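The structure appears below as structure tokens.
The values are calculated or read from the model by the stated rules, or taken from the named source; none is laboratory data. Here the structure is a predicted model, which means the values were calculated and not measured. In this analysis, Cβ positions are derived from the backbone assuming ideal geometry, glycine residues included, and neighbour counts consider all displayed protein chains. For the accessible areas, the whole protein counts, side chains as well, though only heavy atoms, and no ligand, DNA or RNA atoms are used. Shrake-Rupley method; radii C 1.70, N 1.55, O 1.52, S 1.80 Å.
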Amino acid sequence: MIQLTSRAALQLRGLPDPLPPVTVAAIRATGLVPSDTHELVRNVVASPLSGLDGVGRCDVRPLVADLDDAVCADPRLSGLGGRFLFVVDDGRGDVSGMTADLAFLATGPDRGVVLAGGSGHGWDVSLDEAVDLIVRLAREFVDRAGGDESVWHVDDLADPLGPERTAVAARSPAPPHPLGAVGEHAMVGVPLGLLRPHHVDALARTTDAVRVTPWRSLVVERGAALLAELEAAGFATHVGSPWHRLHACTGLPGCSRSTLDTRALARELAPVLPAGRLPVHVSGCERRCGTPATAYVDLLAPPSLEAALTTIHATPEPR
Ligand code: SF4
């Protein structure tokens, strides 16, 4: 299984330590790990449909590639820490609400605002200037954090980062995430955020380019014509799919705090999930990891499928 994370990364869990050389070679062969020293810090989340659907104010793909290259090329930036997050929004507002340390929000076809931390104030720059400024700010952060274990994020610094801020970013509400066809492309949900071999096989038959979103879904380039095949492989391709709103924490066997295999229960539940609009979340204990920020049906360690269904029926839906 390959796990999709809320930072649009891919995680392989439960591997032996140390990793067998054949596994290391296979992962390197994907080209997804360009830098051993910077792998933990090249956390860049960008508008996943940028350049594909004409909705954003600009195509941020070149900026993202340049930013990744520039971060990996600077030895000092390996000290950013794994929690540091870069966000690049093409102006549609789909990722601008994420808690970023350094962000670029496009305001036009060749301009945007660079933000540091959550203040909403930053610097108006051209597209060509953005990477230089972001990297300079990242270097300043590393210098000022100085290995202080309590400083993980820009907002943890005692004083604001960078020169005097001259621009304000107007954030618009995040648009709903599409599911299904987006022009000739497709956005598909990945049940429980876990890619399994049959999913990967179906993707390989469908496309040669996939983008990972921070919402446990994938953009399948030129995938619209093959949505039926993707649905047959188990992807959520429309909002009526149970996997559009059914989630579970890690549960057993991955989390020892759990009293049940939460994902197995969710898979039992999927074919019989009653119609509704609220997200449904199965948790293995009262920590309720990964619950949505909105209202949801709270399935806290249900002892059986029947108990889970009873709770769903008893939870009022919003009008
Ligand atoms: S909610 Fe509890 S059981 Fe589930 S992953 Fe979190 S700690 Fe583990």
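Please compute the net charge surrounding Phe141, taking Lys and Arg as +1 and Asp and Glu as -1 over other residues with Cβ under 13 Å from its Cβ. Value of the local net charge: -3. Dipole orientation for the chain: of the candidates Leu265, Leu227, Gly122, Leu265 has the Cα lying most toward the positive pole (charges on Cβ; Lys, Arg +1; Asp, Glu -1). In the stretch 34-168, Cα pairs under 8 Å separated by at least six residues give a relative contact order of 22 percent.
The Cα atoms of the stretch 209-271 give a gyration tensor whose axes a ≥ b ≥ c have a/c of 1.5 or more with a/b greater than b/c, which makes the shape prolate. Estimated purely from DSSP H runs of n ≥ 4, each contributing -39500 (n - 2.57), the mean residue ellipticity at 222 nm for the chain is -7000 deg cm²/dmol once divided by its residues. Relative contact order, whole percent, for the chain stands at 13, derived from Cα pairs under 8 Å and 6 or more residues apart. In percent, rounded to a whole number, the relative contact order of the stretch 180-237 is 50, using alpha-carbon pairs under 8 Å and six or more apart.
Taken along the Cα-to-beta-carbon direction at a fixed 7 Å, the label points for Asp156 and Thr315 span 3.3 nm. For the chain, dividing the convex hull volume of the Cα atoms by the residue count gives 157 Å³ per residue. When Met1, Met187, Met98 are compared by accessible area at a 1.4 angstrom probe, the order from most to least is Met1, Met98, Met187. Long hydrophobic helices in the chain: the complete DSSP H runs spanning 24 Å or more by Cα along their own axis with mean Kyte-Doolittle hydropathy of at least 0.0 are 127-145. Only protein atoms count toward the accessible area here, which uses a 1.4 Å probe; on the chain, the carbon and sulfur part of that area reaches 55 percent. Rolled with a 1.4 Å probe across the full set of protein chains, the surface gives Glu140 an accessible area near 50 Å². Normalised by 2.2 N^0.38 Å, with N the number of residues, the alpha-carbon radius of gyration of the stretch 6-97 equals 1.24. Across the stretch 119-185, counting alpha-carbon atoms alone, Rg and Dmax equal 16.8, 48 Å.
If only the Cβ of Lys and Arg carry +1 and only the Cβ of Asp and Glu carry -1, the dipole of the chain around its Cα centre is close to 960 debye. With viscosity 1.306 mPa s and temperature 10 °C, the Kirkwood radius over alpha carbon pairs of the stretch 34-168 converts through Stokes-Einstein to a diffusion coefficient of 108 µm²/s.
The fraction of Cα-Cα pairs per 10 angstrom bin, counted from 0 for the stretch 245-314, comes to 23, 59, 18, 0 percent, rounded to whole percents. P(r) for the stretch 159-287, from all Cα pairs and a bin width of 5 Å, is 2, 10, 17, 18, 15, 13, 9, 7, 6, 4, 1, 0 %, short bins first.
Ranking His247, His38, His313, His177 from most to least accessible surface, computed with a 1.4 Å probe over the protein chains only, gives His313, His177, His247, His38. What net charge do the residues around Val55 carry, taking every other residue with its C-beta under 12 Å from that of Val55, with Lys and Arg at +1 and Asp and Glu at -1? Taking every Cβ under 12 Å from that of Val55, the sum is -3. In this calculation the C-beta distance from Asp298 to Thr99 is compared with R0 = 22 Å, giving a FRET efficiency of 0.40. For the stretch 92-152, a crude dipole built from +1 on the beta carbon of Lys and Arg and -1 on the beta carbon of Asp and Glu, taken about the Cα centre, is about 120 debye to the nearest 20. At a probe radius of 1.4 angstrom, the accessible area of the stretch 135-206 per residue rounds to 56 square angstrom. Please label the shape of the stretch 180-237 as rounded, prolate or oblate, based on the square roots a ≥ b ≥ c of the eigenvalues of the alpha-carbon gyration tensor (a/c under 1.5 means rounded; beyond that, a/b larger than b/c means prolate, else oblate). It comes out rounded by the Cα gyration axes.
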